[in-house]
Amino acid sequence: MPDRSEDDSRKLLRRLRDSLAEPGHGQERLNRITSLIADSMHTEVCSIYLFRDEETLELCATEGLRPESVHKTRLRLGEGLVGRVARSAIPVNTANAPSEKGFRFMPETGEEIYSSFLGVPIQRVGEKLGVLVVQSRAARQYSDDEVYALEVVAMVLAEMTELGAFNGEGEGEALGALHKQPVMIRGGTGQEGSAEGQVWLHEPRVVITNPVSDDAEAELVRIRAAVGELRVSVDDLLAAQSLDKDQKQVLEAYRMFAHSRGWLRRMEEDIQAGLSAEAAVEKEQSATRARLSQVPDAYLRDRLHDLDDLSNRLLRILTGQGRDTGAELPENPVLVARNIGPAELLEYGRKLRGVVLSEGSVGSHAAIVARALAIPLVIHAEGITIEALNGDHILVDGDQGFVHLRPEESVATAFRDKIAMQTQAQQRYAGLRDKPALSQDGRLISLQMNAGLMADLPSLEGSGADGVGLFRTELQFLIRNKMPKRDELARLYARVMDAANGRRVAFRTLDIGSDKVLPYMKPQDEPNPAMGWRAIRVGLDKPGVLRMQAQALIRAAAGRPLSIMFPFIAEYAEYLDARAHVLRQVDREAALGHAIPAQLEIGAMLETPSLAFAPRAFFEAADFISIGGNDLKQFFFAADRENERVRRRYDTLNASFLDLIRHIVARCAETGTTLSFCGEDAGRPVEAVVLAAMGLQNLSMRPASIGPVKSLIRRSDLGALHRIIDAECAKGVETVRPAVMDFLAKQS
Ligand code: PEP
Ligand code: MG
């Protein structure tokens, strides 16, 4: 940048900063700022448009346009040139504004006399705040230096906005206070339940208190030192012994960026223009984020993400924030994060009232842990990490997938009523704890719970479960960063059996692959992991872990009865192979002098339609069969259980799916094989009662579902319901749901 404009730019930034220190309302400050900018940039017009809500921009201050239009002129995101800048986060620079595509004439502003237009986004690391515009009568294209200077000014405005410089009260004020208004964010359900509490940001936002520097030289020294420290830390990571090839590759890319001359040079230029080191990092980070949203190529997007991550690290080095804040968890903390790993979430444990993620997925490890801990979880809550501040009042509706941030009192009251009703219902269910799930027509259904973590064990007593119908052993593998040892697992399994106190626990051998990738196992690059090398397929191809798990289980049982089942068996031969591995371990353990289980049941999970049609010999050989409804349904309907677009598309009460269930029930009945169902549907009262009516005597579900399911079973005539289902299916309906709902409504 030429010296003249560099000087101008610094002078302007300082004047902006000084105007902050002067007394006055937010609106007065904004007015002052527009005239300062117009003056410094030698333009007739300077206007500031700020977001009123996500979709609407409002003219909040102007020098040059008609003052009556302030707080009157509004534009939708994408509308007109201002809306275009806001949407794309890219400047628009034109000598002839009316001839530009998308131009919208706003007569109330009197802008028709101004031909040239330059608009730049006001944004703060991905958060769109508004648009800063200058206009002149003369038809001229603004120079690159002028565009750059205006971007730097916009950056300072963004920081000032964040610091609350333009907040005001009452009509006509510039801005309602940022991060103070109520916001409702619609996401998706990760785990049902409701919670009220205070925001706890997993990674707190870095606050920049001084975006403008007085001493460019000192700031240059700071940024160079911080980049130096960053480079050393990335180099240190790379030098670690334990890295595999893929981790190395990722870090190499990090190193490339950390050592990039271009990145540092751009930040140095920003500092020369008058920004502080922190503001310079953020300016480049904002630019990266804007580019990120435009890049269609996934690989490039990942690389830009790396750069984003490095910017965050650099900011933390510069400000010392977010390293170890020493801050204490607030009362009733609700964790807010972009994403979180399972081990980190477990560390917080039951202290959390709720979790809200802007990313995440239903099958993610974090969701699995949240479910195990019965913490309400909302995923895909876009923008939550930007909107929320530590300590904000927050309501989490895990049932509907909503979040209310800083809610109005009326919303909070309605929400509390809902929680109170749920608590009452829970109390009613608690009264059923020791009662059997006995239907009106005298059928006894065994209700068991799904588990996978030590944190689940107290639920065994509390829920009144008859046992553990599914113990997902992979969770113990997922939450560590190295493979657990046999003796460690044996101790853990023994504690599970101790807690079960004689009740049956069905341990499922490791189900990894697909979405469940162990941090210490090389991820497989598979075109379709859900149908790829996963679960028992890995177990049979690399039987070391399967054998080790079998040994750990046998030792944990120490002579007690033991139940083991294999995930994802697709054909009889796989079951036989896996079973043979386990039986060999029994012989080996006996030879080593360990007690062998008093009774050993070896079962299979039926999660692929193929197994429902396996030879009779399979049904004879399996000691028990457990339907993994989540997977079975996804493969039956060819609808990915992880994909929000399709995962709810097909009804479990679809007659074709029930026909498959009927077939499985009949085949197990022929051979007298015990059958259970342990997918999520077993925990949904209506689905559960239908499954029970169709002949499933064992249902395994999350502990919190046992009460509601038991309550409905006890009120239902399962035989009559079965007849309704059969009659509906015979009629050729697509789903039996309407008839079932009608029946259930009448009986209660
Ligand atoms: C299932 O697929 O229904 C099941 C219980 O296993 P998971 O959800 O762990 O795949
Ligand atoms: Mg499964």
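Every read-out reported here was derived from the displayed coordinates using simple, explicitly stated rules and does not represent laboratory data. Every value quoted in this text rests on a predicted model; they were computed, and no experiment measured them. FYI the Cβ positions are ideal-geometry reconstructions off the backbone, even for glycines, and counts take in every protein chain you see.
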TODO: Note down the magnitude of the dipole of segment 475-626 about its Cα centre, charges +1 on Lys and Arg C-beta and -1 on Asp and Glu C-beta and zero elsewhere, to the nearest 20 debye.
DONE: 600 debye
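Evaluate the charge dipole of the chain about its Cα centre and quote only its size in Debye, nearest 20, assuming +1 on the Cβ of each Lys and Arg and -1 on the Cβ of each Asp and Glu. Don't jump to the answer; show the numbers that get you there.
On the way: 92 positive and 106 negative charges, 543 e Å.
It works out to roughly 2600 debye.
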Open item on the list: Only bridges whose two residues both fall in the chain count here: according to DSSP, what percent of them are antiparallel, nearest 5?
Closed with: 55 percent
TODO: Report, in debye and to the nearest 20, how large the dipole of segment 3-162 comes out about its Cα centre when Lys and Arg carry +1 and Asp and Glu carry -1 on their Cβ.
DONE: 220 debye
Task: Which listed pairs, of 72/283; 248/482; 522/542, have C-alpha distances above 21 Å, in listed order - done: 72/283
Task: Per-selection metrics, the chain (Cα): Rg and Dmax in Å - done: 31.0, 96
- [ ] On a 0 to 90° scale, report how tilted helix 144-162 is relative to the longest principal axis of the chain, with both axes built from alpha carbons and the result rounded to the nearest 10.
- [x] 60 degrees
TODO: Find which of 264, 617, 700 sits farthest along the positive direction of the dipole of the chain, computed with +1 on the beta-carbon of Lys and Arg, -1 on that of Asp and Glu, about the Cα centre.
DONE: 617
Task: Mean separation of Cα contacts under 8 Å (6+ apart) over length of the chain, as relative contact order % - done: 10 percent
- [ ] Please give the calculated 222 nm ellipticity per residue for the chain, where each DSSP H segment of at least 4 residues contributes -39500 (n - 2.57) and the sum is spread over every residue; nearest 500 deg cm²/dmol?
- [x] -14000 deg cm²/dmol
Task: Order by protection proxy (mean Cβ within 10 Å, highest first), peptides 601-610, 481-490, 133-142 - done: 601-610, 133-142, 481-490
- [ ] For helix 706-715, report the angle its Cα long axis makes with the longest principal axis of the Cα atoms of the chain; keep it between 0 and 90° and round to the nearest 10°.
- [x] 60 degrees
TODO: Return one number: the angle in degrees, 0 to 90 and rounded to the nearest 10, between the long axis of the Cα atoms of helix 216-239 and the longest principal axis of the Cα atoms of the chain.
DONE: 20 degrees
Task: Residues whose placed amide H lies under 5 Å from that of residue 568, excluding near-sequence neighbours - done: 605, 607
TODO: Mind running the shape call on segment 3-162? Use the C-alpha gyration tensor, a ≥ b ≥ c as the square roots of the eigenvalues: rounded below 1.5 for a/c, prolate if a/b tops b/c, oblate otherwise.
DONE: rounded
